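To keep things clear, I will list the structure first and then write my remarks on it.
The values are calculated or read from the model by the stated rules, or taken from the named source; none is laboratory data. Owing to the predicted nature of the structure, the values given are computational and were not obtained by experimental measurement. Here the Cβ is made from the backbone with ideal geometry for all residues, glycine too, and neighbour counts use every protein chain on show.
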Amino acid sequence: MLTVSSLTRAELGERLARPGLRLQTGSFVTCIGSAIPAVADGIALLYAEYPLQDAGGFADFHVSLQGSGGLRRWVRPQVRFDYDGTRPFEPLPVAQAFALFEWSMNYCVSTRVHGYLLLHAAVVERDGVAAILPAPPGSGKSTLCAALVTRGWRLLSDELTMVRLDTGEIQPLPRPVSLKNASIELMRAFAPQAVFSRPVNATAKGTVAHMKAPTGSVRRAQERARPAWIVFPRYVAGAAPHLAPMAPARAFMQVAENAFNYSLLAAAGFKALTRLVDASTCYQFTYSMLDDAIDVFDRLTPP
Amino acid sequence: MASEIDPAACQAPRRVWGVMAGQLLRSKTWDGAEHLLYNDLSGDTHLLGADALDLLRLLQAADRDEASLAAALTAAADDGDGDGDTLAPAAVATILADLARLSLVERRAC
Amino acid sequence: MIATPLLVQLLRQPGQLAGASLADWELMLRQAALANLTPALYYLLDERGLLDCVPAPARAHLEWARAAFERHAQGVRFEVLKICQALASTGVPVVLLKGAAYAMAQLPAAAGRLFTDVDVLVPKARLAVVEGALILAGWACGHHDAYDQRYYREWMHELPPMEHFHRRSLIDVHHGLLPQTASARPDPATLLAGARPIGGHAALHMLAPADMVLHSAVHLFYDGELEHGLRDLLDLHRLLADFGRAPSFWQELPIRACQLALARPLFYALRYATSVLHTPIPAGVSLAVDAGRPNCVLLAVMDQLFGRALLPAHASCADWLTGTARFLLYVRANWLRMPPLMLARHLFRKAFMSPKA
């Protein structure tokens, strides 16, 4: 199967412009259309090893990132996300086109894929078992996730944990890890060998950049993992690392609050989350130094 | 053979409580203390205390009135630790009102 | 005219297209998503035992849509329960309309049908009592300005939509099927008199079968909101297939249409249901509804407009005239609902003065 890197940058740009690039991420194929160079650049850099779908296949989602028309083509140009005829977001400055692309990829899955319990959480794996990191704001979840996957953990997902409703296993969806503000420089120093996109300023979240998913994580995107730990991280400047066990019912309610479709899945959601919490040891984790955090995670034992 | 009509029984219709139709009362308990319940009608998930869950299980088995519920819960508590805690009917009424507001139980004339 | 979209072909003949190629399924699902018909597709195929013919990646999308629909259906049942509890003390019978009626009566038209508001019909004289009871139970009129309030209360056939403060669910309280400002409107009392109980639910009622079809026709052909055009046409298709099993239904339908001054929407309903979805109509019925036929010029124009606007709102189902067609039908719908001067003011206001939602 061909990957994005098999295309030259010119070919990539042409295919994105028309008829669309059919990119496989995890178990989904997205047909991506865009004439904006920043989108092609971002895909070339961060999705080099991802498979391209053969002709005659089936694309799950159709996204298009195009410039706004009219005067906006020249005055403070914008980028718009078109989801096959609907426009769920307001346009953004064109410099944020790749960030918008990443958000749109999350949007597609989180609003439609109701064959899984979808959590707003990072999930990483080691030795076949997975640690889920639910993500309330300010948790530092993405930074911690980025650090773990540069120290031997496999990236299953940075934003969207997919829990299978039939078996309870975690289905990987490895994509670039999004980093904000100070985390960007922190991760560059922590993992100098990793690949980062150029930071973009002045988004609603501040400065945003993306770290490429490790090659091994992308290659093993079809290997599921069994959940073992649910860890609610909380970054507190200067704090010593502290892992505190969490009562299962409380963990249940907090995971439900961090889910995209817990309520939508009704009784099946209740059953899936019950099974997930039953299978996992739940913790609250406070930390400040990434090395401390890695050390704690490395010493976790499966239940 | 016609049975005699008891005038006293005609005066006040007996009111009982029952689980609302459609509620399967799927629940999960961890460590014997925290109880989660899925509400099949509203789609909500509730965190309930032990008394509320016990009350629901009693009503799931059969419709009952408040006095009988209070007695049954008290008997169950006595079997547990033998310290003779009783559940006041007023406390039962409060729990029932809460559960009714959540569309888990309803009052019925029998 | 535009070639028949794959989705429409599938709706006409599910058996022929269930095993279509991946590429065809990809397009059908895209069309269905924009028409809000993905869950309806699931049930259509399931009823006929055809789900196993659908290629696995496409079938997954249908299953996801089914999960979302089942939650929606649960929400509708709960909302109707709460509405009945709220209105119990008023003694006003709860007559459900459209989607909520189909859902509670478990009609075939309900399978996979998504909608946002619960619609009820009450006598105009009891409107204040009903509104009061709903407010007591936690519903409130949305943030409508004075113009919108007047639009609804004086001119339209319904209260402004009310939203429940906690559940954020919406209820539309109607006292007629068409606005008071419309030149021809069916008498609401006649409709209410024909309402019948919904089996299994003591407090719920729905319109008589012929009235339900006519209401669906009015809603589709008099309402400018045609993004749900194909969904509403599918409603008609399924209602007619279901009720049409009783032979007396086909005799009653045209008669009732004339009684309610709804011969024109019935004419359009049968014409476009047969042309778009190939709905089977018994011989002779088309003749019977000819009372509602417009003059041939108007009919030719309507064919061009509805022939486009009833298709899925996907780029693959449009030509250069589709946007214009939708706009003209929007204007037409408002024209039918209010006198010309009021219409001009209303459109001006909507275009330039309403706050963006």
Inset, instruction - Name the residue, out of C:LEU22, C:LEU34, that is within 24 Å of the chain's Cα centre (by Cα) and either over 29 Å from A:ALA267 (Cβ atoms) or buried (at least 21 other Cβ atoms within 10 Å of the Cβ) (or both). - result: C:LEU34
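What do you reckon, is A:ALA55 without any contact (Cβ under 8 Å) to a residue 12 or more places away in the chain and either in the same structural domain as A:PRO37 (by TED's automatic domain parsing) or touching a Phe, Trp or Tyr at 6+ places or on another chain (Cβ under 8 Å) (or both)?
Criteria met by A:ALA55.
Each row is one residue, and each column tells you yes or no for (1) at the interface with another protein chain (Cβ under 8 Å from one of its Cβ atoms); (2) modelled with pLDDT under 95.
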| residue | (1), (2) |
| --- | --- |
| C:ALA32 | no, no |
| C:LEU50 | no, no |
| C:VAL54 | no, no |
| C:HIS61 | yes, no |
| C:ALA73 | no, no |
| C:ARG77 | yes, no |
| C:ILE83 | no, no |
| C:ALA86 | no, no |
| C:PRO93 | no, yes |
Inset, instruction - Kindly indicate which of A:GLY70, A:GLY85 is within 14 Å of another protein chain (Cβ to nearest Cβ), farther than 24 Å from A:ALA251 by Cα, among the small types (Gly, Ala, Ser) and more than 17 Å from the chain's Cα centre (by Cα). - result: A:GLY85
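Please pick out the residue among C:LEU204, C:LEU234, C:LEU178 that is assigned to a helix (DSSP H, G or I) and not acidic (Asp, Glu).
Unique residue meeting the criteria: C:LEU234.
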Legend entry - Residues that are within 14 Å of another protein chain (Cβ to nearest Cβ), in contact with a Leu (Cβ under 7 Å, 6 or more places away or on another chain) and of a type outside the set (A, V, I, L, M), drawn from the stretch A:100-135: A:SER110, A:HIS114, A:GLY115, A:TYR116
Inset, instruction - Being assigned to a helix (DSSP H, G or I) and of a type outside the set (Ser, Thr, Tyr) is the filter here, so list the residues in the stretch A:1-20 that pass it. - result: A:VAL4, A:ARG9, A:ALA10, A:GLU11, A:LEU12, A:GLY13, A:GLU14, A:ARG15, A:LEU16, A:ALA17
Inset, instruction - Could you tell me which numbered condition A:GLY57 fails, if it satisfies all but one of (1) more than 14 Å from chain C (Cβ to nearest Cβ); (2) of a type outside the set (D, E, K, R); (3) not in a strand (DSSP E or B)? - result: (1)
Legend entry - Condition check for C:ALA261: on the phi > 0 side of the Ramachandran plot, within 22 Å of the chain's Cα centre (by Cα) and either not charged (D, E, K, R) or not in a helix (DSSP H, G or I) (or both): yes
Legend entry - Selection status of C:LEU44, over 24 Å from C:HIS314 (Cα atoms) and more than 8 Å from chain A (Cβ to nearest Cβ): no
Inset, instruction - May I ask you to list the residues in the stretch A:250-271 that are closer than 19 Å to A:PRO303 by Cβ and crowded, with 20+ Cβ neighbours inside 10 Å? - result: A:ALA251, A:PHE252, A:VAL255
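Report yes if B:SER3 is more than 14 Å from chain A (Cβ to nearest Cβ) and either more than 20 Å from B:CYS110 (Cβ to Cβ) or modelled with pLDDT under 95 (or both), otherwise no. Reasoning before the result, please.
Values: more than 14 Å from chain A (Cβ to nearest Cβ): yes; either more than 20 Å from B:CYS110 (Cβ to Cβ) or modelled with pLDDT under 95 (or both): yes.
So B:SER3 passes the test.
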Inset, instruction - Being of a type in the set (Asp, Glu) and in contact with a helix residue (DSSP H, G or I) (Cβ under 8 Å, 6 or more places away or on another chain) is the filter here, so list the residues in the stretch A:63-101 that pass it. - result: A:ASP84
Legend entry - Residues of the stretch A:190-207 classified as surrounded by 16 or more Cβ atoms within 10 Å (Cβ to Cβ) and either of a type in the set (D, E, K, R) or within 23 Å of A:TYR287 (Cβ to Cβ) (or both), total: 5
Legend entry - Evaluation of C:LEU159 against (1) over 18 Å from C:ALA257 (Cα atoms); (2) out of contact with any strand residue (DSSP E or B) (no Cβ under 8 Å at 6 or more places or on another chain); (3) in contact (Cβ under 8 Å) with a residue 24 or more places away in the chain (one fails), failing number: (2)
Legend entry - Hits in the stretch B:30-52 (condition: among the aliphatic types (A, V, I, L, M), surrounded by fewer than 18 Cβ atoms within 10 Å (Cβ to Cβ) and more than 10 Å from every other protein chain (Cβ to nearest Cβ)): B:ALA50
Inset, instruction - Working only within the stretch A:1-28, note down all residues that are over 20 Å from A:ARG112 (Cβ atoms) and β-branched (Val, Ile, Thr). - result: A:THR3, A:VAL4, A:THR8
Legend entry - Out of A:PRO248, A:PRO214, A:PRO303, A:PRO227, sole residue that is assigned by TED's automatic domain parsing to the domain that holds A:PRO192, more than 25 Å from A:HIS114 (Cβ to Cβ), touching a residue at least 12 places away in the same chain (Cβ under 8 Å) and not β-branched (Val, Ile, Thr): A:PRO214
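Among the listed residues C:VAL54, C:VAL76, C:VAL80, which satisfies the condition of being crowded, with 18+ Cβ neighbours inside 10 Å, β-branched (Val, Ile, Thr) and farther than 22 Å from A:ALA266 by Cα?
Details: C:VAL76 fails: farther than 22 Å from A:ALA266 by Cα; C:VAL80 fails: farther than 22 Å from A:ALA266 by Cα.
None of the other options fit; the residue is C:VAL54.
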Legend entry - Residue count for the stretch C:18-56, restricted to those that are of a type outside the set (Asp, Glu) and within 21 Å of C:PRO108 (Cα to Cα): 18
Legend entry - Which numbered condition A:MET187 misses (of (1) at pLDDT below 95; (2) out of contact with any Pro (no Cβ under 8 Å at 6 or more places or on another chain); (3) within 27 Å of A:PHE89 (Cβ to Cβ)): (1)
Inset, instruction - Check every one of the strands (runs of 3 or more DSSP E) wholly within the stretch A:215-298 and list those with 1 or more residues that are closer than 30 Å to A:ALA48 by Cβ, away from chain B (no Cβ under 12 Å) and in contact with a helix residue (DSSP H, G or I) (Cβ under 9 Å, 6 or more places away or on another chain). - result: A:226-235
